[in-house]
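A.B. asks: Below is a structure I'd like to ask you about.
The values are calculated or read from the model by the stated rules, or taken from the named source; none is laboratory data. Treat the numbers as computed from the prediction; the structure is a model and nothing was measured. FYI the Cβ positions are ideal-geometry reconstructions off the backbone, even for glycines, and counts take in every protein chain you see.
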Amino acid sequence: MTKKKKKLDPAQKAAKKKRKKEHMTVFNNGKQKRVKRPKTVDGIGVDEFIKNNADPIWLHQNEMWEYTEKGKGEYLSKNNMPSTEKEWLGEIAKAYLEACGVIPFGKFVGQKIKPEDLFHLGPAVCLKFRGLEQTKSNLKKATDAALTSYVATKEVVGDLFDIPQMAFAFSYIASHYGLDLIGDDECVRILDYIEEKLGYLCELTQKK
């Protein structure tokens, strides 16, 4: 006599469906084994997704150099820097939006990246836009200048750096200074102009 299959209640059905979704059957030494499915994003493995989609800036910040390609993502060049404050503002807007591209990838390293955190990326974006190699040495020069100046200046400007675009602009320009690409006077002129036109910078960096 054939044994009747016991019907599952809705909760048991849901649990079975969940197990099926989270696990798969593989063969190991000729034997079947249930293992957890690897995590995927849009149907592909996390590693493959990161390799295909992550920005070089994010990869460099998270020391995933194995996924980067030399020269990949270079944007502008050392010899093509803005010549006016207005041009600097336009470039900073593009640089800020470039940095925003790393926000979705924070979940892959267990951290939530918010707009107010983007000033940390100023040095890496500076290297990318200037077409400089993303070496540890270059990044250290840019980062040391950006963060040291940021901490010292934040005590003076107060809540101005609470505006993500202004904080990023300062870090980005200070990074250029740390790499000896611009001098003191030019830094001051650019940042004074950015502060004066901050509303316009915020408009340019609003994602549509």
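A.B. asks: Taking the options LYS94, LYS107, name whichever one is surrounded by fewer than 18 Cβ atoms within 10 Å (Cβ to Cβ), more than 23 Å from VAL151 (Cβ to Cβ) and modelled with pLDDT of 90 or more.
C.D. replies: When all the criteria are applied, what remains is LYS94.
A.B. asks: Same structure again: Report, ordered by the first and then the second residue, all pairs with beta carbons closer than 9 Å, sequence separation of six or more or different chains, a first member in segment 194-207 that is in contact (Cβ under 8 Å) with a residue 40 or more places away in the chain and more than 17 Å from THR84 (Cα to Cα), and a second member that is polar (S, T, N, Q) and assigned to a helix (DSSP H, G or I).
C.D. replies: LEU204/GLN165; THR205/GLN165
A.B. asks: Conditions: (1) more than 17 Å from the chain's Cα centre (by Cα); (2) small (Gly, Ala, Ser); (3) under 22 Å from LEU97 (Cα atoms). ALA152 meets all but one. Number of the miss?
C.D. replies: (3)
A.B. asks: Check THR143 against each of (1) within 19 Å of the chain's Cα centre (by Cα); (2) within 13 Å of TYR96 (Cα to Cα); (3) not aliphatic (A, V, I, L, M) and name the one condition it does not meet.
C.D. replies: Unmet for THR143, out of (1) within 19 Å of the chain's Cα centre (by Cα); (2) within 13 Å of TYR96 (Cα to Cα); (3) not aliphatic (A, V, I, L, M): (2).
A.B. asks: Considering ALA124, ALA152, ALA142, which residue is part of a helix (DSSP H, G or I), among the small types (Gly, Ala, Ser) and within 23 Å of THR84 (Cβ to Cβ)?
C.D. replies: Details: ALA124 fails: within 23 Å of THR84 (Cβ to Cβ); ALA152 fails: within 23 Å of THR84 (Cβ to Cβ).
Going through ALA124, ALA152, ALA142 in turn, just one is part of a helix (DSSP H, G or I), among the small types (Gly, Ala, Ser) and within 23 Å of THR84 (Cβ to Cβ): ALA142.
A.B. asks: Just one of TYR200, TYR177 is hydroxyl-bearing (Ser, Thr, Tyr), surrounded by fewer than 21 Cβ atoms within 10 Å (Cβ to Cβ) and more than 22 Å from ALA124 (Cβ to Cβ); which is it?
C.D. replies: Residue meeting the stated conditions: TYR200.
A.B. asks: Out of LEU191, LEU132, I need the residue that is aliphatic (A, V, I, L, M), in contact (Cβ under 8 Å) with a residue 12 or more places away in the chain and in a loop (DSSP other than H, G, I, E, B). Which one?
C.D. replies: LEU132
A.B. asks: Would you please name the residue that is farthest from the chain's Cα centre (by Cα), looking only at residues in segment 124-139 that are of a type in the set (Lys, Arg) and closer than 15 Å to LEU181 by Cα?
C.D. replies: My answer is ARG130.
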